[in-house]
1. Determine, for each peptide in 343-350, 262-269, the mean count of other beta carbons within 10 angstrom over its residues, then list the peptides with the highest first.
2. Can you list, largest first and rounded to whole Å, the semi-axes you get for region 45-227 by taking the square root of 5 times each eigenvalue of its Cα gyration tensor?
3. Which ³J(HN,Hα) values, rounded to whole Hz and listed in residue order, are derived for region 338-355 from phi using the Karplus coefficients 6.51, -1.76 and 1.60 in 6.51 cos²θ - 1.76 cosθ + 1.60 with θ = phi - 60°, glycine and proline given as x?
4. Taking LYS302 as the anchor, which aspartates and glutamates have their alpha carbon closer than 13 Å to its alpha carbon, excluding any fewer than eight residues away along the same chain?
5. Pull out the extension gain between LEU28 and ASP372, defined as 0.36 nm times the separation in residues minus the alpha carbon to alpha carbon distance; nm, one decimal.
6. Report the FRET efficiency, 1/(1 + (r/R0)^6), for ALA303 and ALA113, where r is their Cβ-Cβ distance and R0 is 41 Å, rounded to 0.05.
7. For region 118-209, give the share of DSSP beta bridges that are antiparallel, in percent and rounded to the nearest 5; count only bridges with both residues there.
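Just so it is clear, none of the values below were taken in a lab; they were calculated from the coordinates. Owing to the predicted nature of the structure, the values given are computational and were not obtained by experimental measurement. With ideal geometry, Cβ positions are generated from the backbone for all residues, glycine too; neighbour counts draw on all protein chains shown.
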Amino acid sequence: MIPTATPVTSTRSPWRFRTGFGVFLLVLVAIATWLLASTQSTGQRAALDPDAAHPGGSRALAVLLGNHDHPVAKVTTTDDAVRRAAAGDVTVVVPFPYNLGGESLRRLADLPATVRVVFVQPDAFTLDDLKVDVQIDTAGIVDTVDPGCSLPEAASAGNAQLGGYAYTGDGVTSCYDGHLIVLDRPSTAELVFLGSPDPLTNEVLAENGNAALSLGLLSAHRDVIWLQRNAPEPIAEGEARSLSDLLPRWIPTTLWMLAAAGLLAAFWQGRRLSAPVAEPLPVIVRSTETVEGRARLYRRAKARPEAAEALRGAALARLRPVLGLSAQSDPREVCEAIAERSGWPAAAVGQHLYGPPPTDDQGLVVLADALDALTAAVLKPPPVSDEGKPS
């Protein structure tokens, strides 16, 4: 039975009611998504870890490489990876390139020619920092794809499950509709760009030609170095980029003109809020029942893209006012402002806020944790000096 209560009367403006209701819906969806994510095992958070045996880990591939006399050495810093790979005859795997700064990425790319560096799902920011002639062409879902190229590793593997980003560029060998490309450069490391991490995971390694493809890509040299960098590196001094460096010259002028037009339109259409109105506020249903019902619907429909969009929308709704940005702000402007405030690399911010939606529940858990950490980094209060003033 629906509980009832004696109606009470409040006075508030219609505009504030609509705004508050919209915020309530955003919070409700975020809570439902969190409830769905919390049902997953906490052991699934170390994605692509060569020591992790859960579906999203890569222990099976590490064991397979070891059985073929290609031992895997796991490191967590770029310095360790560069030091171990300096002698050559090494394959370096970078599962989260967006967590590395521009200087670290270029150090890996400048390793000797007897080194292969495999970047897993690098985004546009990572490609810009690498300073290579490679761009993102499209983004798609993970599916079984024919190699369609003469690369020995792909030709011997046959069909494999790939998707995510598709890349294009000059002087590259493109396979699997661009979801795997190889850039072979003289005197420097061979670079491999993999559009999706799926072939490396325990969950699908044994399907189709995933194992043969992963083993071929990572066994090109004697040893394998796995750079497992789960947290973003601090931004190096001199690497911060201003908005003017990222945008064409005509963009600022256009933005100023649009801002002036918006102010004029607001002044023209502006109205004072109407007089407060009285409205009944009966108790209809407990909020916990609504949250549980919404969570069950999301889980049954496997609506991961919608849940990810709700999480990202709620995070942006909290971060934009703090940074003085609006809902119409350009994504690059938002990423640069958040990166400057939080100390995270712009590449990591862009991946979490605007990257492809997660393809499984584990990815949704990782995204929720990353958005929580990013929001906390932006909203943390500034340090206080000895005089009691913010420094």
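1. Top to bottom by mean Cβ count within 10 Å: 343-350, 262-269.
2. 21, 20, 16
3. Karplus values, whole Hz, x for Gly and Pro: 5, 4, 5, 6, 8, x, 7, x, 4, 5, 5, 4, x, 4, 6, 8, 10, x.
4. Straight-distance partners of LYS302: ASP360, ASP361.
5. Numbers: separation 344, 0.36 × 344 = 123.84 nm, distance 1.61 nm.
Working it through step by step, the gained length comes to 122.2 nm.
6. 0.30
7. On the way: 17 of 20 bridges.
Here the share of antiparallel DSSP bridges comes out near 85 percent.
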